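Have a look at the structure below before the remarks.
Please treat every number below as a calculation from the coordinates, not as lab data. What you see is a predicted model; the values in this text were computed from it and never measured. Here the Cβ is made from the backbone with ideal geometry for all residues, glycine too, and neighbour counts use every protein chain on show.
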């Protein structure tokens, strides 16, 4: 039988296993390779530190008070009539209030500074932003894979995203038919992709290396394998990678995209040496399939039919038949009207017909469409059951 002193260290090590597993899952978050991810990590550190200013003293004071005012300590002051202390009230309420104010100011400023739609104001903590044009990458989330289009380079990839180090990147994102979340923990935070909508993310990668990105929103059976390889390359390495893609890739046209759009799992990295122009725009406007009208065309037709200007709508000018009579204000409910103002609704029940079989033809199959309610006899009546 194990002695108790030898068992305690083992129990302590076993208790640390869940904590170590939790910390291991945050490796990319706490060790970022991009400046946006670095600022987000620092925000996490600052927020946790501010909250610990309350948590740690409270935990220490719980132990101190329990020890000092234990039943066996006869030297502790005992005052059964104590009910209020202005000094304690000031400490109890002012400290959390100051921390909440600090957290609110930190959250407000970081929300604007780290807005994914906002262009970067620096490349890194030690490198200022240059006049170099950001690299544009168009992202499409498919079932269950990621499509990356480089429109300025004329190439595209699936489940492989290569970025030059220390160059700002602008991501334009959309989805084919399912809401998803683009997440590269070492690059930046999570940004949703939705069908018929376009999201934007500005980010930069400051360290060369191979990293991983994923989908952070459950989107079906193949969600677990919806991951992509993120590669950070220097300028020469990125140019070499682009040349390799153009040399060995196929063409991403409408037919190949429609094949790619079909659900598939565990898709290996794919390369496309050329991309059909405006493909991302058609994916965004949901009109890749031939013969499907784009959203912009539908809105243009609606505007031409009279659905464009507010003044025209209110005046009823240019509206299709029936649209000009649509009420612009919500009518009052019956509870807010006088009795004489309430108009009874017309009776719209179907009039009875003479061909209903009823009791004249009990065997008719049409009787199955009629409801039949058999009420139980009331207690004490002739048909009631007797015990």
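Spin-label pair residue 77-residue 342: with each label point 7 Å from Cα along the Cα-Cβ axis, the two points sit 6.9 nm from one another. Projecting label points 7 angstrom from Cα along Cα→Cβ for residue 264 and residue 103 puts them 4.7 nm apart.
What do you get for Rg/Rh of region 122-284 when both radii come from the Cα atoms and Rh is the Kirkwood radius?
On the way: Rg = 14.9 Å, Rh = 15.9 Å.
Using Cα coordinates only, the ratio equals 0.94.
If I stretch the segment between residue 55 and residue 295 completely, what's the gain in nm (0.36 nm per residue apart, minus their alpha carbon distance), one decimal? Mind dumping the intermediate values first?
Details: separation 240, 0.36 × 240 = 86.40 nm, distance 5.24 nm.
Length difference between fully extended and current span is 81.2 nm.
A crude spin-label estimate for the pair residue 234 and residue 200, with each label 7 Å from Cα along the Cβ direction, gives 3.3 nm.
Note that region 77-116 shows a convex hull volume over its alpha carbon atoms of 79 Å³ per residue. Per the Kirkwood formula applied to alpha carbons, region 190-247 shows a radius of gyration over Rh ratio, Rg over Rh, of 1.04.
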